[in-house]
């Protein structure tokens, strides 16, 4: 499955500039990174390879995509998110995952929100063995987790948009 996921990414964005390997608790996750100038996405692009090793319901598996406006040392926390399906179970759009510390050094972001999009960001990868869905993640603050619990993930996304805040802005301020 890892090779198929990596080929899927290459077909969309070319070869990544960096590949970083992480492992622990019997889970191996690789994080691929493409510089903003190397894709048409306009952001620093990070993607997991290995989250899909864990099967969720039926043949359903996931990988995670993160786009940020600036390059930060986010690979380790994204690998932690990629380990989540194997260590903790199912994850879907609108869910949050808190990793217990800053998502990158010096950051006040403490969790990822799986973006509740109607359309898939990337087309799924479907084979006889599995169906891999590519879920977009965004960093959120602890205070935004409370807002999400009160109003829903869609409300958080809409509020960011209405205030002109980019979801991938590594330097954005929290909603209040």
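Out of 107, 127, report the one residue that is surrounded by fewer than 18 Cβ atoms within 10 Å (Cβ to Cβ) and touching a strand residue (DSSP E or B) at 6+ places or on another chain (Cβ under 8 Å).
Numbers: 127 fails: touching a strand residue (DSSP E or B) at 6+ places or on another chain (Cβ under 8 Å).
Just a single option satisfies the conditions, and that option is 107.
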If we ask which residues in the stretch 152-163 are surrounded by 13 or more Cβ atoms within 10 Å (Cβ to Cβ) and part of a helix (DSSP H, G or I), their number turns out to be 7
Those residues of the stretch 164-176 that are exposed (fewer than 14 other Cβ atoms within 10 Å of the Cβ), in contact (Cβ under 8 Å) with a residue 60 or more places away in the chain and out of contact with any strand residue (DSSP E or B) (no Cβ under 9 Å at 6 or more places or on another chain) come to a total of 1
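Step by step: first the residues of the stretch 136-151, then only those that are under 30 Å from residue 1 (Cα atoms) and in contact with a helix residue (DSSP H, G or I) (Cβ under 9 Å, 6 or more places away or on another chain), then the one that is surrounded by the most Cβ atoms within 10 Å (Cβ to Cβ). Which residue is that?
Residues of the stretch 136-151 under 30 Å from residue 1 (Cα atoms): 136-140.
Still in the list and also in contact with a helix residue (DSSP H, G or I) (Cβ under 9 Å, 6 or more places away or on another chain): 137-140.
Details: 137: 29, 138: 22, 139: 26, 140: 26.
Once the filter is applied, the top-ranked residue is 137.
Restricting attention to the stretch 75-84, does a residue exist that is assigned to a loop (DSSP other than H, G, I, E, B) and either within 28 Å of residue 4 (Cβ to Cβ) or over 11 Å from the mean Cα position of the chain (by Cα) (or both)? It would help to see each step written out before you state the result.
First pass over the stretch 75-84, keeping only residues assigned to a loop (DSSP other than H, G, I, E, B): none.
Within the stretch 75-84, none of the residues are assigned to a loop (DSSP other than H, G, I, E, B) and either within 28 Å of residue 4 (Cβ to Cβ) or over 11 Å from the mean Cα position of the chain (by Cα) (or both).
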Scanning the stretch 16-59 residue by residue, the ones that are outside any loop (DSSP other than H, G, I, E, B), farther than 17 Å from residue 89 by Cβ, touching a helix residue (DSSP H, G or I) at 6+ places or on another chain (Cβ under 9 Å) and at pLDDT 90 or above total 17
Scanning the stretch 60-79 residue by residue, those touching a helix residue (DSSP H, G or I) at 6+ places or on another chain (Cβ under 9 Å), surrounded by fewer than 21 Cβ atoms within 10 Å (Cβ to Cβ) and over 23 Å from residue 37 (Cβ atoms) turn out to be none
Being more than 11 Å from the chain's Cα centre (by Cα) and without any contact (Cβ under 8 Å) to a residue 24 or more places away in the chain narrows 3, 59, 28 down to just 3
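The values are calculated or read from the model by the stated rules, or taken from the named source; none is laboratory data. These numbers were taken from a predicted model, which means no experiment stands behind them. Because the Cβ atoms are built from the backbone with ideal geometry, glycine has one as well, and the counts that use them run over all protein chains shown.
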